[in-house]
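Working notes for the structure below.
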Amino acid sequence: MHIDISRDVFRLAQVFTISRGSRTEAQVLTVRITDGGVTGWGECVPYARYGETLESVTAEIEALSGPLTRDALYDLLPAGAARNAVDCALWDLQAKQAGKRVWELAGLARPGPEITAFTLSLDSPEKMREQAALHAHRPLLKIKLGTPDDMPRLEAVRAGAPDAQIIIDANEGWSAAVYADLAPHLVRLGVSLVEQPLPAGDDDALVGMERPVPVCADESCHDRASLAALKGKYDVVNIKLDKTGGLTEALALRDAAVAQGYEVMVGCMVGSSLAMAPAVLVAQGAKVVDLDGPLLLAEDRDNALTFDAAGVHPPAAKLWG
């Protein structure tokens, strides 16, 4: 069994800005695992918010040795980007060796398309209104906010896209006071979900706080071990494979979250169709799907995912799984 790691860069269609900064490209790691002449692959996006870099994640993967299994990965790598790429590559490898699709191997129903959010990055109210109007035909818009001065931005987006469903991602950028002040306006403007309004380390403030709009845990929820600390704070959990450490844990987290009464959102980092492909399987039937990474790119993988009026479609076997 041989592991190959490469760094790939995908240009973004336009500058992408959240409360923590801006970017013009997506830098990803592509992992290929070859066994018996068959190669499976996966992609991850190291995330500085979680102390990851391209170099640190590469080193984690390079330290692996010997035959690998998905079960063994739980003892070899923590939840995070490194384990995600390896886990997804192993799923793809097994599917190719078995001549079956990953959803069959995982015992899942045949997947179909799912409506996905389209993200509008943080900008001035005027520019966000322009972007909202440009994408007003889309059924679901996700707005990046996370500053003390977000009310004009929210008003502008609603004016630009009066009929679209809107969800908000504050990326830990609000205080409890800012969130409490904005909450009634979220209802007034028809916002259907707010994602991670407070920093993960300060989210105890959500306990007992009125939540007129469902609140989703993103940075506060990584894997199943995170669930115990979310009680009384959140209504929804955002499952991202770069947080869970792969498809294996993502599916387990989805089942555990639903069993504990949470609704599910399936999200992504800014990556290519290869990164989104396994997430489409997790996203089946989710309350919110946010797998628009490829729509934000100026370039993508060969055999890229299909996005149309029905949503994001499951991957072709030529891409993954």
Taking the criterion of being closer than 22 Å to Asp223 by Cβ and open to solvent by less than 10 Å² (accessible area, probe 1.4 Å), would at least one residue in region 93-101 satisfy it? no
For Gly146, state whether it is surrounded by 15 or more Cβ atoms within 10 Å (Cβ to Cβ) and either small (Gly, Ala, Ser) or within 17 Å of the chain's Cα centre (by Cα) (or both). yes
Filter region 271-285 for residues that are crowded, with 22+ Cβ neighbours inside 10 Å and part of a loop (DSSP other than H, G, I, E, B) and give the result. Gly271, Ser272, Ala283
Near pairs, Cβ below 6 angstrom, 6+ apart or cross-chain, from region 31-60 (within 19 Å of Gly293 (Cα to Cα) and of a type outside the set (A, V, I, L, M, F, W, C)) to any residue that is assigned to a strand (DSSP E or B) and modelled with pLDDT of 95 or more: Gly42/Val31; Glu43/Val28; Glu43/Thr30
Identify all residues within region 1-53 that are among the basic types (Lys, Arg) and touching a strand residue (DSSP E or B) at 6+ places or on another chain (Cβ under 7 Å); write none if there are none. Arg7, Arg11, Arg23, Arg32
Please go through region 298-321 and pick out each residue that is under 23 Å from Ile166 (Cβ atoms) and open to solvent by 10 Å² or more (accessible area, probe 1.4 Å). Phe307, Asp308, Ala309, Ala310
Within the set of pairs 6 or more residues apart or between chains, which connect a residue that is at pLDDT 95 or above and open to solvent by 30 Å² or more (accessible area, probe 1.4 Å) inside region 186-202 to a residue that is in a loop (DSSP other than H, G, I, E, B) and among the hydrophobic types (A, V, I, L, M, F, W, C) with Cβ atoms less than 8 Å apart? Ser192/Val213
Residue pairs meeting the criteria (Cβ under 6 Å; at least 6 apart or on separate chains; first of a type in the set (S, T, N, Q), in region 80-92; second surrounded by 24 or more Cβ atoms within 10 Å (Cβ to Cβ) and outside any helix (DSSP H, G or I)): Asn84/Cys44; Asn84/Gly245; Asn84/Gly246
Quick one: in region 1-31, of everything that is open to solvent by 80 Å² or more (accessible area, probe 1.4 Å) and closer than 30 Å to Gly99 by Cβ, which residue is modelled with the highest pLDDT? His2
Got a number for residues in region 102-138 being modelled with pLDDT under 95, of a type in the set (Asp, Glu) and crowded, with 19+ Cβ neighbours inside 10 Å? 0
Tell me, yes or no, whether region 54-62 has at least one residue that is among the β-branched types (Val, Ile, Thr), over 20 Å from the mean Cα position of the chain (by Cα) and open to solvent by 30 Å² or more (accessible area, probe 1.4 Å). no
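Looking at region 1-20 only, could you name the residues that are over 19 Å from Asp292 (Cα atoms) and without any contact (Cβ under 8 Å) to a residue 40 or more places away in the chain?
Hits for region 1-20 are His2, Asp4, Ser6.
The values are calculated or read from the model by the stated rules, or taken from the named source; none is laboratory data. Computed from a predicted structure; not experimentally measured. Quick reminder, even Gly has a Cβ in these numbers, built from the backbone with ideal geometry, and neighbours come from all protein chains shown. Keep in mind that these areas ignore ligands, DNA and RNA; they rest on the heavy atoms of the full protein, side chains included. Shrake-Rupley method; radii C 1.70, N 1.55, O 1.52, S 1.80 Å.
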